[in-house]
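In what follows, a structure is listed as structure tokens, so that the remarks can point back to it.
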């Protein structure tokens, strides 16, 4: 039986009437995304025709999921909200704080020792506030959610950008910052700018070496890392129906890499099969009763150009396997073109590591298809030329795969089986020799491949492909290996070819586990105490941010002008810094240390305008804060791309940065900045970025007139006393301006000043 089945049934009971109301309002057929959006309005009586990409709308998500790295800060914030229990079903998953090094057994044991303080905090705070807790080793949050909590037609938010994985089961699942999650935990509405809609029509059927991963690798190449910003991607067509549920999840999951708000598929038979296979017949039965409302109206998919803002068509019959990268997930290369391209770009052709699993490609089907290649290698007397590692998605998947012999096949190929956790995907990888910073190539089925992402080495060229392609390339040890056309020489000196992968959508004997790692919350939490040691280096009770002083901002200094790509990894690195995710002051020592200074093209080296000397970004900023000087950060396009981590907003705020001014923002990061009471601004004229010099001073001359849709003026004073006046834009509405004035959205909740509306029943 499913978790929270009564909540799910209530969603379905209200669905038909809400869809009918929406059709009356819009006077047209609806996409699947629109049905879910309108069905989850905070106040259905206020429903109207919302303008895509313009109107801010209040929603009522059905549930929340938090991973352990971000959950710390989210729950520390929730503890300040004064609520006895979370208002909607919420779970915490311990998957990030497990370092991949020796293998599952030793790595998990080490994590439970090193991070015991954090895990105990998360379990106790979950127990106290009615939150479901998943222990270390239980699995990666998004796979666990897909197996246990996702349901067609639902809406959920999660404190991880890859929450979108649940779109594979027909949800609108959206990654948010912790402050957004806290609002919903506290019983508040969740605000989102009404998304635009991108339709992707899939025709034909996947075949041979082509996998669901190749669909999103192709889409990433079409849209780029920011092409989906502010949009929901909805997949449809005969090709969509022919895919497995977990394959759909893979596609939705990596949609985060094109900046999309989320991605989804309409309900179909593959979802029903997956629900029943994972013991949720009650959801499948309930969904079947309203299935016409769990996908788009037929007219939409018949004539999609009328209903979507953009339509992309991909023929799966002719789709080629892809390898994307390095250093960005949208650099798409068909495998047949990799040899020529790699040689031209001088990418290292020798592949040192192949890694499969992670939250996007760790299903039973993924492992079975990769195992079919691994078994061929063993049978044909091939040995992997690269090291090979596997991160199963959940204990349920791992246990079932071991029972069915898949894990044994990988072990026969000398693969290292890591914990059911994120591991190398998020920089939790103690890779031998990475500290030498040698130029090398790796290939993985993970989503992100930014510089330093996996192993901390800026010269590691990371490429993204399907698990089966990763397996083949790892066996060959060559980046330019094309298993469709190329042969290999085995240990007997014979020429052999790998056949196309074969796999199973679902385990024939069903899923199984001995201990799935779930710990339910206590029914009586009144006596539960959440303990945080005063001298803890891992956890720190939060202090409220100061409200705005209601004055124009004068004499602000430039902290850093970031050059080029500046992701949340650049703003707040993961890897070894994950240990401080619950301690704001300690983790602030990594603030912007990965951003490239536009004036010297170096990282973590900026000019201190107080002393005239150069120093690390956090150190310089702490001196500004000590001197009572507000600062500004300037950035380029798509600033804050990548993870949902709100630390990238909280750290600069904690250190005294007041303004972030960029050419454009990634959606989640912009929202996080707003929630923490910062000014998130964009150049009215992008070329004004070039006007900013290293030792500039900034005067915000009309900040006291801060209001929706009204640009602000900034006076830039240069060192020679010359001036430039520029106009900057913002996307703040009335409510968000209140966050700025009060110092943060959380301050409003604590003071009881949050504009709370009555939720529809």
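Here are a few things to note about the model shown:
- Antiparallel bridges, percent of DSSP beta bridges restricted to region 322-486 (to nearest 5): 25
- Considering only region 24-163, percent of DSSP beta bridges that pair antiparallel, nearest 5: 10
- Rg and Dmax over the alpha-carbon atoms of region 322-486 stand at 14.7, 45 Å.
- Set the Cα radius of gyration of region 400-450 against 2.2 N^0.38 Å, with N its number of residues, and you get 1.40.
- When the square roots of the Cα gyration tensor eigenvalues are ordered a ≥ b ≥ c, the ratio a/c for region 19-93 is 1.5 or more and a/b exceeds b/c, which makes its shape prolate.
- At full extension, residue 10 and residue 102 could sit 28.5 nm farther apart than now, given 0.36 nm per residue minus the alpha carbon distance.
- Distance between region 8-43 and region 228-272 - C-alpha centres, whole angstrom: 20
- Working from Cα pairs under 8 Å separated by at least six residues, relative contact order for the chain is 14 percent.
- Label-to-label distance, residue 526 versus residue 611, with points set 7 angstrom from Cα along the beta-carbon direction: 5.6 nm.
- Region 672-746 - Rg and Dmax from Cα coordinates, angstrom: 13.4, 42
- Amide N of region 644-667 lying under 12 Å from the label point, which is placed 7 angstrom from the Cα of residue 537 along Cα→Cβ: none
- Footprinting exposure proxy ranking of 16, 123, 742, fewest other C-beta atoms within 10 angstrom first, gives 16, 123, 742.
- Using only Cα coordinates, the Kirkwood hydrodynamic radius of region 1-156 works out to 17.9 Å.
- Ordering 481, 511 by the number of other Cβ atoms within 10 Å of each residue's own Cβ, fewest first, gives 511, 481.
- Highest average packing first - 713-721, 484-492, 25-33, Cβ atoms within 10 Å: 25-33, 713-721, 484-492
- Sorting 602-608, 442-448 by their mean Cβ neighbour count within 10 Å, with the most densely packed peptide first, gives 442-448, 602-608.
- Dimensionless Rg over Rh [the chain; C-alpha; Kirkwood]: 0.95
- Potential extension, residue 725-residue 337 segment - 0.36 nm per residue separation minus Cα distance: 134.8 nm
- For the pair residue 222 and residue 285 in one chain, pulling the backbone fully straight at 0.36 nm per residue adds 18.9 nm over the alpha carbon distance.
- Our note on the geometry: Cα centres of region 599-668 and region 49-79, 25 Å apart.
- Its DSSP H runs of at least 4 residues, each contributing -39,500 (n - 2.57), put the calculated 222 nm mean residue ellipticity of the chain at -9000 deg cm²/dmol, to the nearest 500.
- Three-way shape label, region 450-503, alpha-carbon gyration tensor, a/c 1.5: prolate
- Dividing the Cα radius of gyration of region 461-611 by its Kirkwood radius returns 1.16 for Rg/Rh.
- Translational diffusion of region 191-337, estimated by Stokes-Einstein from the Kirkwood radius over alpha carbon pairs at 37 °C in a medium of 0.692 mPa s, is 206 µm² per second.
- Alpha carbon convex hull of region 553-743, volume per residue in cubic angstrom: 109
- Likely footprinting exposure, 118, 728, fewest C-beta neighbours within 10 Å first: 728, 118
- The chain: antiparallel DSSP beta bridges as a percent of all, rounded to 5: 35
- Global form of region 419-547, assessed from the alpha-carbon gyration tensor, a/c cut-off 1.5: oblate
Rule-based calculations on the coordinates, nothing more; no lab input. This is a predicted model, so every value here is computed, not measured. Because the Cβ atoms are built from the backbone with ideal geometry, glycine has one as well, and the counts that use them run over all protein chains shown.
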